[in-house]
Amino acid sequence: VVEIDNQGRIITPQSLRQYAGVESELVLVGMGAKFEIWSATAWTQLYSGLAQNFDETLAAVAQLELP
């Protein structure tokens with residue numbers, strides 16, 4: 001459960017901001033019916049790594065056995 005202020009902003013507790021490493025900028029990443037909050041720095045690093053290894057990541061995902 002999250003709190004939303006009068007301007008429609010999500011109030012994120014300090015403990016969660018610290019856990020996610022969010023200092024000033026953040027990224028909301030859609031995950032189906034949910035979303036994740038990432039620090040902009042951490043997301044950029046992760047995304048850059050995935051983009052650089054896209055072909056290997058795609059091949060690994062293709063090997064997954066889904067129910």
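The values are calculated or read from the model by the stated rules, or taken from the named source; none is laboratory data. Computed from a predicted model, the values in this text were never measured in an experiment. In this analysis, Cβ positions are derived from the backbone assuming ideal geometry, glycine residues included, and neighbour counts consider all displayed protein chains. When the accessible area is computed, the model is the full protein with side chains, heavy atoms only, and any ligands, DNA or RNA have been set aside. Shrake-Rupley method; radii C 1.70, N 1.55, O 1.52, S 1.80 Å.
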Next on the checklist: Going through 52, 18 one at a time, which residue ends up being surrounded by 10 or more Cβ atoms within 10 Å (Cβ to Cβ) and more than 16 Å from the chain's Cα centre (by Cα)?
Outcome noted: 52
Checklist entry - Are there any pairs with C-beta distances below 7 angstrom linking a residue in segment 6-33 that is more than 22 Å from residue 46 (Cα to Cα) to a residue that is open to solvent by 80 Å² or more (accessible area, probe 1.4 Å) and part of a loop (DSSP other than H, G, I, E, B), with the two at least 6 apart or on different chains, and if so which? => result 10/2; 11/2
Checklist outcome for this item: Residue set 36, 23; condition open to solvent by less than 100 Å² (accessible area, probe 1.4 Å) and of a type outside the set (A, V, I, L, M, F, W, C); output residue 36
